[in-house]
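The values are calculated or read from the model by the stated rules, or taken from the named source; none is laboratory data. Keep in mind the model is a prediction, meaning the values are calculated, not measured. Because the Cβ atoms are built from the backbone with ideal geometry, glycine has one as well, and the counts that use them run over all protein chains shown. Calculation scope for accessible area: heavy atoms of the full protein, side chains included, ligands and nucleic acids excluded. Shrake-Rupley method; radii C 1.70, N 1.55, O 1.52, S 1.80 Å.
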Amino acid sequence: MLRTNQAFSSYFEELYHNKKVGEEIIVKSFSQDENILIQDQSLSKVMLIKEGIAKCYFTEENGKEYIVEFLGNGEILGEVELIKNISCLCGVKAVSEVTVYETNIVYFKSLIKNDLALNHLLLDSFAERIINTSSRASYQQLYTVEHTLTQLLNMQSKQGIQISKEDMAAYLGITVRTLNRILKDLK
């Protein structure tokens, strides 16, 4: 439901606090509903979420959104696009106020070349995403939408955030009308 990565968060925090002249890494904030990355646009920075929650989503050709994941502390943004030299695969938008560590592409590429710890964190992150994607696909086949919605509502309550009905429906892969029907039945 909400992905976090404490090891990556610690790595970037140390990187930020121990930066040397010429190493460009800054802290930047995004307000709720502000775009952090825009699907199909070129990548200008690599970021790691320091605090807050963002949604990672695809906008399909018909204009409908599908939320891939909710991202929290320690989740990295833009690394796949940088490695593959492609435009942003998906959009990322702040669900709450989000603070990120932001670094330029040249500096991040130099880290990839020279920092074995970063490479291990990236490999671990990629493996975790593959596991999560597989688990979510099987979970959606094995459990009802009502069960997943209950977990989503619990996450929302636990994190103290408000997720719109549109976002809930986009995460569950259903229409808002279907979501309303399920919410009514759950009461």
Task: Rg and Dmax of region 121-175, Cα atoms only, in Å - done: 13.1, 36
Open item on the list: To test your reading of the geometry: what angle, between 0 and 90 degrees and rounded to tens, separates the Cα axis of helix 176-186 from the longest principal axis of the chain?
Closed with: 70 degrees
Task: Accessible carbon and sulfur surface of region 15-169 relative to its total accessible area, %, 1.4 Å - done: 52 percent
Open item on the list: Using a Förster radius of 22 Å, what is the FRET efficiency between MET1 and LYS28 based on their Cβ-Cβ separation? Nearest 0.05, please.
Closed with: 0.30
Open item on the list: At a threshold of 8 angstrom on Cα-Cα distance, excluding pairs fewer than six apart, so keeping six or more, what relative contact order does region 1-143 reach in percent?
Closed with: 32 percent
Task: Å² of accessible area per residue within the chain, as computed with a 1.4 Å probe and no ligands counted - done: 57 Å²
TODO: Between ASN62 and LYS165, with labels modelled 7 Å along Cα→Cβ, what's the label distance in nm to one decimal, could you check?
DONE: 2.0 nm
Task: Inter-part distance where region 164-187 and region 93-156 are each reduced to a Cα centre, Å - done: 23 Å
Task: Phi to ³J(HN,Hα) by Karplus 6.51 cos²θ - 1.76 cosθ + 1.60 over region 82-99, Hz, x for Gly, Pro - done: 5, 5, 8, 6, 10, 5, 4, 5, 9, x, 10, 10, 5, 8, 10, 5, 10, 10
TODO: Sort all Cα-Cα distances of region 59-156 into consecutive 10 angstrom bins from zero, then give the percent of pairs in each bin up to the one containing the longest distance.
DONE: 11, 36, 36, 14, 3
Task: For the chain, the longest site-free run once GluC sites (Glu not before Pro) in DSSP loop states with at most 11 other Cβ atoms within 10 Å are removed - done: 62-187
Task: Ellipsoid semi-axes in whole angstrom, largest first, where each is sqrt(5λ) of the Cα gyration tensor of the chain - done: 31, 16, 16
Task: Hits among lysines - C-alpha to C-alpha of LYS28 under 24 Å, sequence gap 8 or more where chains match - done: LYS19, LYS20, LYS45, LYS50, LYS55, LYS93, LYS109
Open item on the list: Quick one: 3J(HN,Hα) in Hz for region 161-167, Karplus 6.51/-1.76/1.60 with θ = phi - 60°, rounded, Gly and Pro as x.
Closed with: 10, 10, 9, 5, 4, 4, 5
Task: Ellipsoid equivalent to region 47-106 - semi-axes via the Cα gyration tensor, in Å - done: 19, 17, 8
Task: Degrees between helix 116-142 axis and first principal axis of the chain (Cα, 0 to 90, nearest 10) - done: 10 degrees
Task: Karplus 3J(HN,Hα) series, Hz, for region 154-159 with 6.51 cos²θ - 1.76 cosθ + 1.60 (x for Gly, Pro) - done: 5, 4, 4, 5, 4, 8
- [ ] Return the calculated 222 nm mean residue ellipticity for the chain, to the nearest 500 deg cm²/dmol, obtained by summing -39500 (n - 2.57) across DSSP H runs with n ≥ 4 and dividing by the residue count.
- [x] -15000 deg cm²/dmol
TODO: Describe numerically, in nm with one decimal, the distance between label points set 7 Å from Cα along Cα→Cβ at ILE38 and at ASN114.
DONE: 3.3 nm
Task: Label-to-label distance, nm, for residues given as ARG136 and THR178 (7 Å Cα→Cβ offset) - done: 1.6 nm
